[in-house]
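A short worksheet on the structure shown next.
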Amino acid sequence: KAKDLHLLSMSATPIPRSLNMAMSQIKGFSQIMTPPVDREDVRTFVKESDDRVIKEAVFREIKRGGQCFYVFNRIAGIEQKKRQLERLLPGVRILVLHSKIDSAASEKELLGFADRQYDLLLSTTIIESGIHMPNVNTILIDGADRFGMADLHQLRGRVGRSRRQGYCYFLVADRDKLTEEAKKRLLALESNSFLGSGSVLAFHDLEIRGGGNILGADQSGHIKHIGYGLYLKMLEESLAELMGKQEVKHEKPVEIRLAIKAYLSPETIEEERLRLELYRRFAQAPDLKTVYELEEEMADRFGTLDETTKQFVELCAIKVLATEANLVTISSFQQNIQLVGADGQKTVITAASKDDDDVIAATLEHLKQRSKD
């Protein structure tokens, strides 16, 4: 039965498919937002691989009595990388570990590293999970553009596991030659290094790679072709219908093409995860009361709202009223605004000017009057 699909999964890794299923109510979704006592976020940098950067990062960590991880995910070249690092970092004791080393030897050497017999662990991604070493608070990841977002987030989580500030360096050969997807991944990780950022990264990964086929192996799936919003809406309606919760109404969404600037401003709401949550809540607002209650909540939490944020709220109000009026399109050119109903009937109104506030005011006034009538 459909109700038997409800699961609760627990993971610190940003997995877009799991987030997609959680947002679709197939899985349960909750967040633990309170970090361990005295835990700090890991300061994250995307840098071109440079001797100066590596020396500065490693020697700073050793100077404060700590140790480092250096991830080099190619066994064939790892010994050569060790020789390069030994020339670059004189006096630094380097341990090499990878999957081809005997497990008993690896365990012995790792215990020696934990006992501070070495300063730097040069390894492949075998340290990605299950490693808890509070004295290691700097990690350098060579060729970071070749890793997935979840892998990089997981590797970053190996440091900063104590009261000390952690540092993570994503090293790339040439920033100008990165692929678009690699740039998006690295920018998302660099911008979201705060504690509890996993869900925000999962949203980014969902946008970059897609939600995947729920019952298949394909990661990208068909979400790229229909859009995440429509995909999620279709899935929620199907689930509600299967569960017998409600009679599904297939409404045609209102298409609003007003030439105005309207969005939740990063200057007013700095945290990206909060903006994403507010976008979701506004999108689900069923009536005007809910829209304006959300506006009051934002003003209470973030202070006086800027112009673009206010206009976004008014745009949401327009969408609610337009849905109630059974409109399918609202568009504007200069100061002329055209409203098209589901029956094809067109209405044209004129704003006082082509300014954003006048266009919004005229549209709202017309729709409110229409609602009263």
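The values are calculated or read from the model by the stated rules, or taken from the named source; none is laboratory data. Fair warning: this is a prediction, and the values are worked out from it, not measured in the lab. Here Cβ is always computed from backbone atoms with ideal geometry, including for glycine, and neighbour counts include all displayed protein chains. What goes into the accessible areas is simple: the full protein's heavy atoms, side chains included, and nothing from ligands, DNA or RNA. Shrake-Rupley method; radii C 1.70, N 1.55, O 1.52, S 1.80 Å.
Between TYR263 and VAL328, the modelled label-to-label distance comes to 2.9 nm, taking each label 7 Å out from Cα in the direction of the beta carbon.
Taking a ≥ b ≥ c as the square roots of the eigenvalues of the Cα gyration tensor of segment 94-144, is the shape rounded (a/c under 1.5), prolate (a/b larger than b/c) or oblate? Show your work: numbers first, answer last.
On the way: a/c = 1.56, a/b = 1.10, b/c = 1.42.
Oblate, since a/c reaches 1.5 and b/c is not below a/b.
How high is the FRET efficiency between GLU277 and LYS55 when r is their beta carbon distance and R₀ equals 51 Å, given to the nearest 0.05? About 0.80, to the nearest 0.05. Accessible surface of segment 61-108, 1.4 Å probe: 48 percent of it comes from carbon and sulfur atoms. Annotation note: trypsin sites (Lys or Arg not before Pro) in segment 49-85 located in DSSP loop regions with a Cβ neighbour count of at most 15 within 10 Å are ARG64, ARG74. Spatial offset of segment 65-101 relative to segment 293-372 amounts to 60 Å, using the alpha carbon center of each.
If I take R0 = 30 Å and measure r between the Cβ atoms of THR347 and THR290 in this structure, what FRET efficiency does the formula 1/(1 + (r/R0)^6) give, to the nearest 0.05? It would help to have the intermediate numbers written out before the result.
Working: r = 26 Å, r/R0 = 0.87.
In this case the efficiency is close to 0.70.
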